[in-house]
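**Student:** Below are the structure tokens for one structure; questions will follow.
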Amino acid sequence: MSNNDRRGFLAASAGLGLVAIAPGVHLMQVAQARPAGEPASKLQRWGMLVDTAKCATGCDACVSACATENGINEKVADPRQAAQWIRKIDLKDPKNGRQHSLPMMCQHCAEPPCVDVCPTGASMKRADGIVLVDRHICIGCRYCMMACPYKARSFVHQPLTQQNPEVPRGLGCVESCTLCVHRVDKGQKPACVEACPEGAMVFGDLEDPNSDIARRIAQTATTQVRADLKLNTGVRYQGI
Amino acid sequence: MRRAATFLLLGVLPWLTFSAWAGDSVPKPTIRIATEGKCIAPAEEMRRNHMDMLKHQRDKTLRQGIRGEKASLNGCIECHAAKSTGSVIGHDDSFCQSCHSYAAVKLDCWDCHQPKAGYKATGVKP
Ligand code: SF4
Ligand code: SF4
């Protein structure tokens with residue numbers, strides 16, 4: 001695809017993003033691709049809402065989808081070194097036996113400790129709230145892994161050769177959930193959200209009061225994990 | 001007379017040495033371009049400035065989220081991946097590797113970026 005073709009493609013997908021039903025009425029939750037050349041905007045904040053009542057124990061469709069989407073396919077000698085961009089956690093209340101299951105990943109904190117401690121500026125928060133590692137300048141010190149209260153980050157211990165062209169990752173750098181930034185920029189949802197058979201995850205713009213996610217957060221009780229840390233997480237949970 | 005001889009010597013000798021040096025005995029990088037003539041800038045400019053173009057673009061794309069920039073590493077390999085291997089590295093005549101080993105400049109990009117054009121990655125749940 002030549003550069004011009006690609007531009008055309010981006011422009012076309014931007015057009016598809018917004019489906020008009022009637023003048024002024026738009027289908028909700030159809031994300032829009034950002035036109036080529038335009039930076040991420042701080043008028044948006046991407047977030048996710050996980051309904052733990054819907055999330056099924058034993059299901060890990062989101063974890064598999066994440067691995068496929070992000071080219072996580074390396075064999076690691078020590079399972080403790082495996083990349084964990086998203087993991088399933090089963091919780092049980094010992095007092096009453098209530099059990100539930102939920103996916104845990106980078107919470108895309110508005111006040112991210114990983115960014116605070118990074119000595120190089122590699123850990124960074126994009127204008128639209130997505131927290132990323134700039135591997136070009138990450139020195140692999142792993143301070144951020146220690147600082148993250150959610151154990152959301154992994155370190156790549158071995159050379160990689162089978163990456164997804166859209167998701168560069170490699171030896172000596174720390175990595176974590178990117179909220180599928182390469183998909184979001186094209187107007188798509190993160191792979192885990194799309195793969196969940198229970199529809200337990202909602203993705204959208206927390207700053208847009210008309211988005212599905214913002215309305216649900218306004219109407220129902222939702223939780224930030226470790227809200228006491230006041231990190232203002234972009235990933236919220238319902239039913240825990 | 002003596003002065004003229006020195007002049008001649010000074011003038012001719014370097015030329016002689018240079019022409020001998022610039023002859024066929026000098027190893028040159030083998031550059032094979034799979035799809036020619038579609039580059040975003042003339043070859044001369046690309047040879048000198050591709051690293052700056054890509055560095056500028058990578059920061060804009062990763063840190064600001066600007067997509068669809070003219071310079072793009074994935075764009076490079078669409079044309080420059082060898083037809084035989086599908087890659088820009090791996091052999092002495094692979095597009096990136098040939099020049100970089102000639103100039104003895106370490107090639108870091110492909111430690112993280114996928115060097116094969118049209119590569120479909122798989123996933124194995126960790
Ligand atoms: S969850 Fe961890 S990795 Fe993600 S933004 Fe917060 S501190 Fe950083
Ligand atoms: S490992 Fe990389 S991203 Fe993390 S703190 Fe160190 S330099 Fe920053």
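**Student:** Students often forget the sequence filter, so: which lysines lie under 17 Å Cα-Cα from B:Lys55 once same-chain residues fewer than 8 apart are removed?
**Tutor:** Counting by Cα, and skipping residues close in sequence, B:Lys55 has these lysines nearby: B:Lys70, B:Lys106.
**Student:** Can you classify the protein assembly as shown as rounded, prolate or oblate using the Cα gyration tensor, where a ≥ b ≥ c are the square roots of its eigenvalues, rounded means a/c under 1.5, and otherwise it's prolate if a/b beats b/c and oblate if not?
**Tutor:** prolate
**Student:** Under a plain spin-label model, where a point goes 7 Å from the Cα along Cα-to-Cβ, how far apart in nm are A:Gln162 and A:Arg142?
**Tutor:** Placing both labels 7 Å beyond Cα along the Cβ direction yields 2.4 nm.
**Student:** Now, a different point. Between A:Ala40, A:Ala195, A:Ala221, which gets the highest mean-square fluctuation from a Gaussian network model of chain A, Cα cutoff 10 Å?
**Tutor:** Greatest mean-square fluctuation among the candidates belongs to A:Ala221.
**Student:** Enumerate the helices in chain A for which the Kyte-Doolittle hydropathy averages -0.5 or more and the C-alpha atoms extend at least 15 Å along the helix's axis, using complete DSSP H runs.
**Tutor:** A:3-17
**Student:** Hey, what D do you get for region B:46-126 in µm²/s if you plug the Kirkwood alpha-carbon radius into Stokes-Einstein at 20 °C and 1.002 mPa s?
**Tutor:** 154
**Student:** Here is a follow-up. Here are some pairs, B:Lys83/B:Lys120; A:Lys151/B:Lys125; A:Lys92/A:Lys151; B:Lys28/B:Lys83; A:Lys42/B:Lys120; A:Lys42/B:Lys38; which of them have Cα atoms lying more than 25 Å apart in this structure?
**Tutor:** As for pairs spanning more than 25 Å Cα to Cα, those are A:Lys42/B:Lys120; A:Lys42/B:Lys38.
**Student:** For region A:90-240, what is the charge dipole size about the Cα centre, in debye to the nearest 20, if Lys and Arg each add +1 at the Cβ and Asp and Glu each add -1 at the Cβ?
**Tutor:** 380
**Student:** Quote the convex hull volume per residue of region A:65-196, based on C-alpha atoms, as a whole number of Å³.
**Tutor:** Hull volume over Cα atoms, normalised by residue count, gives 135 Å³.
**Student:** Using Cα centres only, tell me the gap between region A:177-240 and region A:99-129 in whole Å.
**Tutor:** A separation of 14 Å, based on Cα centres.
Rule-based calculations on the coordinates, nothing more; no lab input. What you see is a predicted model; the values in this text were computed from it and never measured. Virtual Cβ from ideal backbone geometry, glycine too; neighbours counted across all protein chains shown.
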